[in-house]
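Following: one structure in structure tokens, then a few remarks.
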Amino acid sequence: MGTVIGRVTLSVRHPRYVGERLMLTLPWNRDTFAGVQKHDPAIVVYDTLGAGVGDHIAISEGREAACPFPSPVPVDAYCAALVDEHFYKK
């Protein structure tokens, strides 16, 4: 999970990026799930779902982030879902 804090704008980009948005996102850690405003360092997330600043998203990272695409795409983090609400039980 993560919280979108901004949008990344590129002057030059890889030709495989078509119709996407790159979002600057703060990944959650265990403290964040418990309600404490602590996050891991920000990452750039490939978004095709239309996430906006302040939205909570589910993030897929690593090799799994490139799996939704029919051909190889240089993606390390992918917005897998927009999250309306979540529940955390200690």
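Structure above, values below:
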quantity: Extent along principal axes [Cα atoms of the stretch 21-90; Å; largest to smallest]; calculated: 40, 21, 20
quantity: Given charges at beta-carbon only (K, R positive; D, E negative), |dipole| of the chain in Debye; calculated: 120
quantity: Pairwise label distance in nanometres, THR48 with HIS14, each label 7 Å out on the Cα-Cβ vector; calculated: 1.4
quantity: Highest-first arrangement of 38-48, 58-68, 5-15, 22-32, where packing means the average Cβ count within 10 Å; calculated: 22-32, 38-48, 58-68, 5-15
quantity: Under 9 Å, Cβ to Cβ, from THR48 - net charge with Lys/Arg +1 and Asp/Glu -1; calculated: -1
quantity: FRET efficiency for GLN37 and ALA66, using Cβ-Cβ distance with R0 set to 35 Å, rounded to 0.05; calculated: 0.70
quantity: Charge context of ARG21, other residues only, Cβ under 9 angstrom, K/R +1, D/E -1; calculated: -1
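Read-outs: derived from the displayed coordinates by stated rules, not from any lab. On a predicted model such as this, the values are computed, not experimentally measured, just so you know. All Cβ positions, even for glycine, are placed from backbone atoms using ideal geometry, and neighbour counts span all protein chains on display.
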